[in-house]
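Trainee: Take this structure, written in C-alpha cells, and hold onto it; I'll ask about it next.
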Amino acid sequence: LKELNIKGWIRDVRSLGGIIFLEVIEGNSLTPITVVIKKSENPLLIKTAKKIKLGSAIQVKGIEPERIISKKGKEIHAKELSILAEPSEPSPLDPTGKTKALLDTVLQYRYLALRFPEQRAIFRIRAGIVEASRRYLSGKGLLEVHTPKICGAGAEGGATVFKLDYFGKKAFLSQSPQLYKQMLMCGLPGVYEITPYFRAEKFDTPRHLNESWGIDAEISFITDFGDVMSLLEGLIVYIFEYIKDNYKKEIELLDVDLEIPRRPFKRITYSDALEILRNNGLRLEWGSDLDSEAEKVLGKTMMEEGYDAYFIIEYPWEAKPFYIMKKGAISLSFDLDYRGIELASGGQREHRYWELIENMKNKGLDPKSFSFYLEAFKYGMPPHGGFGLGLDRLLMVLIGARNIREVVLFPRDRQRLIP
Ligand code: AMO
C-alpha cells in the first residue's frame, strides 16, 4: 500500500453513515482528491473532521486504498489530519464551485478562485503560450531581450502614454518595445521580448486593458514583410499545436474545441477588406481604421471561407505609425485577425535615415525628441521588420473567453487599480 502525504484546501465535506469524505484541492492538481475518514477505523479523527470548516488549509497523511469507494478519481484513507489554517471569514466564492461567481467577484478574489480547476487551467495555458513562444522564437535564432519600461519617448502616440516623474525629468511607461527592438536591429539579426504594454487608452471594452502583454519580435535582413508574416504565422500555429499536445486536460476542462488555424493564413489587402465590407452593407472611407463592427463582419466572411486566422495587409499609411515603411499611399504593414479580433500587427520598417525623418515630420512628430532612436539608423541599419502579438488577446481567443479580463490575474482597466 502506498503512503500519501497531501496538502491542500477543503472544497467540500460530505458524511455518509460512519464515513466522512473531504474533497481536497491538492498542490497543482486539476482534479480534487477525496480524503476518506472512517469512524470504525479512526474515531478521534472523525471528531476533528466534523468540526472542519470549508476552505481550511490542511495536511493529511494516509494510504492509497486498493479499491476506491468515492466516485471521484484519487482517494486517500486518512491516518493523520492537521488543520494548518482555518478561514476567519466565510469565503466570498462558493468553495464547492457549484454556484458560479460573477467575473467581478473572481477578479477581486482571484487568489481564491485559483483553487478552482478551470481557473488553474486558464493560467497554465497562459504559461504554456509563453513557453511555446520561447521555444519557437529561440529556435528561429532570435535572442530574447529585455528593454526599458521607463522611457524618454513613446512609440505609439502621445495621447496614450502614462506619464511619470523621473528625478525631475518627464518620463513615460513603455507602450511597446518598438523603438528599442528596432534599434537592436543595428547589431543583431533577430530579437524577441515578452513584455507588458502600458497604454492610457480610455476604452472600456471586453478586449482592451491598460496593462496588457505582448510577444514582440523583430528580424533584420528581411526581403520584404512577407518574411515577418511567415514568422508570425509559424508562431501562431506552433502555439496552437503546443497547447493542443501538452495541455489536453486543461483544454478539456475548459470545454474548448481547439482547431489549428488553416495554413497558409488568408491574406487580403485593406482595399479587399473594404470591398467585402461594402458587400455586407458597411461603407467605410478609404483611410479609416477598421472598427470592431467592421472586424466582426470580416471575421464572419473569412470563417465562411474556412479561415479562422487571416492577415489584412497594406493599410493606408495614414492609419499606421511613423516607423512603418511607406509605399505611395499604402504601408508595408499587416494586422493579424482571428475570428474578427485583432491579435497582432506589424510590418516592414523604414530603415533609411532620411526617409524615417520624413515619415516623422509627416506625422507631425519632432525628430529631435527621437534623436536617441534615430542615431541607430546612421550606422548601416539593414532592412528589418517585426510584429507585436497580444498575449492576452491570443489566450482569450484560444480558450474562447468573452472578456479579456478572464485571462489576466489582476487586470488593469479604467476601473481597476487594485487588487
Ligand atoms: P499594436 O498597437 O497593434 O502594435 O499592438 C500589438 C497587439 O497588442 C495587443 N494590444 C492590446 N491588447 C489589449 N489591450 C490593449 N490596450 C492593447 N493594445 C495592444 C493587440 C495588438 O494587435 N509596435 C506595434 C507592433 C509592431 O509593429 O511590431 C504595436 O504595438 O493584440
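Trainee: Those residues that are open to solvent by 20 Å² or more (accessible area, probe 1.4 Å), farther than 14 Å from residue 12 by Cβ and aliphatic (A, V, I, L, M), I need them from region 36-56; list them, please.
Mentor: Matches in region 36-56: 44 only.
Trainee: Might you let me know whether region 200-220 holds any residue that is more than 13 Å from the ligand (Cβ to nearest atom) and surrounded by 21 or more Cβ atoms within 10 Å (Cβ to Cβ)?
Mentor: Yes: one or more hits.
Trainee: Moving on. Is it the case that region 371-379 has a residue that's among the acidic types (Asp, Glu) and either within 25 Å of residue 219 (Cβ to Cβ) or within 11 Å of the ligand (Cβ to nearest atom) (or both)? Give the steps one after another, and end with the answer.
Mentor: We begin by selecting, within region 371-379, every residue among the acidic types (Asp, Glu); these are 375.
Those left that are additionally either within 25 Å of residue 219 (Cβ to Cβ) or within 11 Å of the ligand (Cβ to nearest atom) (or both): 375.
Yes: one or more hits.
Trainee: Separate question: Within region 374-384, is even one residue touching a strand residue (DSSP E or B) at 6+ places or on another chain (Cβ under 9 Å), open to solvent by less than 10 Å² (accessible area, probe 1.4 Å) and under 22 Å from residue 198 (Cβ atoms)?
Mentor: no
Trainee: Being in contact (Cβ under 8 Å) with a residue 24 or more places away in the chain and open to solvent by less than 30 Å² (accessible area, probe 1.4 Å), is that true of even one residue in region 281-288?
Mentor: yes
Trainee: Right, something else. Considering every residue within region 137-145, establish whether at least one is assigned to a helix (DSSP H, G or I), surrounded by 15 or more Cβ atoms within 10 Å (Cβ to Cβ) and in contact with a Phe, Trp or Tyr (Cβ under 8 Å, 6 or more places away or on another chain).
Mentor: yes
Trainee: When you go through (1) out of contact with any Leu (no Cβ under 6 Å at 6 or more places or on another chain); (2) more than 14 Å from the ligand (Cβ to nearest atom); (3) open to solvent by 20 Å² or more (accessible area, probe 1.4 Å); (4) at pLDDT 95 or above one by one for residue 107, which number turns out not to apply?
Mentor: (3)
Trainee: In addition: Quick one: would you say residue 165 is part of a loop (DSSP other than H, G, I, E, B) and over 28 Å from residue 138 (Cβ atoms)?
Mentor: It is false that residue 165 is part of a loop (DSSP other than H, G, I, E, B) and over 28 Å from residue 138 (Cβ atoms).
Trainee: Let me ask you something else. Please specify each residue of region 317-364 satisfying the condition of being open to solvent by less than 10 Å² (accessible area, probe 1.4 Å) and away from the ligand (no atom under 15 Å from the Cβ).
Mentor: Within region 317-364, just 360 meets the criteria.
Trainee: Return yes or no: is residue 292 in contact (Cβ under 8 Å) with a residue 40 or more places away in the chain and within 13 Å of the ligand (Cβ to nearest atom)?
Mentor: yes
The values are calculated or read from the model by the stated rules, or taken from the named source; none is laboratory data. All values derive from a computational prediction rather than experimental measurement. Reconstructed Cβ throughout: ideal geometry from the backbone, glycine too, with neighbour counts over all protein chains shown. The protein model used for the area step is the full one, side chains on, heavy atoms only, and it has no ligands, DNA or RNA in it. Shrake-Rupley method; radii C 1.70, N 1.55, O 1.52, S 1.80 Å.
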